[in-house]
Amino acid sequence: MSTYIKTEQNGKFAEVVLSRPKAFNSFHLEMITELAQELTRLAVDDSVRGVLITGEGKAFCAGGDLRWVTEFAEKPGASFHTLAAQFHNAIVEIRRMEKPVVAAVNGVAAGGGFSLALACDLRVMGKSAVLKQAYTSSGLCIDGGGTYTLPRLVGMARALEIAVFDEPISAEKALEWGLATKVVEDEAVLQEARAMMGVLSKKSMHSIGLSKNLLNDAFNNTLEYQLELERQGLGACGDHPDGREGLAAFAEKRKPEFGK
């Protein structure tokens, strides 16, 4: 039984709640290990067609627990090394999971929470929610894949601006910069994220998974290699039951029913 991560299946998708509200859902080693393990389980659970991540209480996630780093480890560097290993396992599961992952950002997302939110495929933010990279203000560098996702979302110049100045990013600005998918009233964040997840969970997981992986790798490949990966992926989609259903639905002028 998990202590700091609560998971509940909501129809075709799973809701993962970061549950350390008194510490604004900041994570120590036990908590982040639980999250990585839970995401690994959900990635291969065929009954789950998408994952929603949110935080309990007033925050999404305040990042790594720096008190734990300084008080419960002999050397902060070694502590970061251990903590980041588990955190990065969680990030890899999100990015490589062949299912959509939506973050319901219900409050501050700072430090590792900032990177965790950016690792998700889509982000619904409350109007009063705030993103803050926070690392550099504490003399640290960004982890959790933040240096990978941030420039891909906002461009290199703005990513560097965010890294060096570390100004809080309001929900309105996050939407303008492409860091948020949708901004709603604070009390409607979870409802909106659930509705979004409900729509996504009816789509082809095979198609989403392939498209997600292609987009993840696109910045690292030559055009020719990327085109070949697309060609192979399209062929695989055509032979997959979801692809056959999509083609049949198009021919019959009806909506496809995936994952039957």
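The values are calculated or read from the model by the stated rules, or taken from the named source; none is laboratory data. Because the structure is a prediction, the values reported are computed rather than measured. Positions of Cβ are generated from backbone atoms using ideal geometry, with glycine treated the same way; all protein chains shown enter the neighbour counts. Remember, those area values only see protein heavy atoms, side chains included, never the ligands or the DNA or RNA. Shrake-Rupley method; radii C 1.70, N 1.55, O 1.52, S 1.80 Å.
Let's see how each residue does on (1) open to solvent by 50 Å² or more (accessible area, probe 1.4 Å); (2) of a type in the set (Val, Ile, Thr); (3) at negative phi:
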| position | (1), (2), (3) |
| --- | --- |
| Phe87 | no, no, yes |
| Phe114 | no, no, yes |
| Cys120 | no, no, yes |
| Ala134 | no, no, no |
| Met156 | yes, no, yes |
| Val164 | yes, yes, yes |
| Glu167 | yes, no, yes |
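Applying the condition of being open to solvent by 10 Å² or more (accessible area, probe 1.4 Å) and of a type in the set (A, V, I, L, M) to the stretch 89-112 and asking which residue is farthest from Leu214 (Cα to Cα) yields Val108.
Give the residue, chosen from Gly233, Gly259, that is modelled with pLDDT under 95, of a type outside the set (Phe, Trp, Tyr) and surrounded by 13 or more Cβ atoms within 10 Å (Cβ to Cβ). Being modelled with pLDDT under 95, of a type outside the set (Phe, Trp, Tyr) and surrounded by 13 or more Cβ atoms within 10 Å (Cβ to Cβ) holds for just one of Gly233, Gly259, which is Gly259. Here Leu42 does not fit the description of being touching a Phe, Trp or Tyr at 6+ places or on another chain (Cβ under 8 Å) and either not hydroxyl-bearing (Ser, Thr, Tyr) or not in a helix (DSSP H, G or I) (or both). Residues that are touching a residue at least 40 places away in the same chain (Cβ under 8 Å) and of a type in the set (D, E, K, R) within the stretch 26-66 comprise Arg49, Glu56, Lys58, Asp65, listed in sequence order. Summed over the stretch 33-53, the residues that are open to solvent by less than 10 Å² (accessible area, probe 1.4 Å) and either charged (D, E, K, R) or within 14 Å of Phe13 (Cα to Cα) (or both) give a count of 7.
Among residues of the stretch 241-256 being surrounded by 13 or more Cβ atoms within 10 Å (Cβ to Cβ) and assigned to a helix (DSSP H, G or I), the one that is nearest to the chain's Cα centre (by Cα) is Asp242. The C-beta contact set for the stretch 74-88 (first residue among the aliphatic types (A, V, I, L, M), second residue modelled with pLDDT of 95 or more and part of a loop (DSSP other than H, G, I, E, B), distance under 7 angstrom, 6+ apart or interchain) comprises Ala84/Asp143.
Is it fair to say Glu8 is open to solvent by 10 Å² or more (accessible area, probe 1.4 Å), in a strand (DSSP E or B) and without any contact (Cβ under 8 Å) to a residue 12 or more places away in the chain? The answer is yes for Glu8. In the stretch 177-207, what count of residues is obtained for those that are under 16 Å from the mean Cα position of the chain (by Cα), open to solvent by 40 Å² or more (accessible area, probe 1.4 Å) and within 21 Å of Asp45 (Cα to Cα)? So the count comes out to 1. Scanning the stretch 128-148 turns up no residue that is in contact (Cβ under 8 Å) with a residue 24 or more places away in the chain, over 27 Å from His28 (Cα atoms) and more than 16 Å from the chain's Cα centre (by Cα). Every test in (1) surrounded by fewer than 13 Cβ atoms within 10 Å (Cβ to Cβ); (2) in contact with a helix residue (DSSP H, G or I) (Cβ under 9 Å, 6 or more places away or on another chain); (3) over 27 Å from Val48 (Cβ atoms) is passed by Glu172 save one, and that test is (2).
Here Leu215 fulfils each of the conditions (1) under 25 Å from Asn10 (Cα atoms); (2) open to solvent by 40 Å² or more (accessible area, probe 1.4 Å) apart from (1). Regarding the stretch 216-235, can at least one residue be identified that is touching a residue at least 60 places away in the same chain (Cβ under 8 Å) and within 18 Å of the chain's Cα centre (by Cα)? Yes - at least one qualifying residue is present in the stretch 216-235. Determine if the stretch 74-85 includes at least one residue that is of a type in the set (A, V, I, L, M), out of contact with any Cys (no Cβ under 8 Å at 6 or more places or on another chain), buried (at least 21 other Cβ atoms within 10 Å of the Cβ) and in a strand (DSSP E or B). No, every residue in the stretch 74-85 fails to be of a type in the set (A, V, I, L, M), out of contact with any Cys (no Cβ under 8 Å at 6 or more places or on another chain), buried (at least 21 other Cβ atoms within 10 Å of the Cβ) and in a strand (DSSP E or B).
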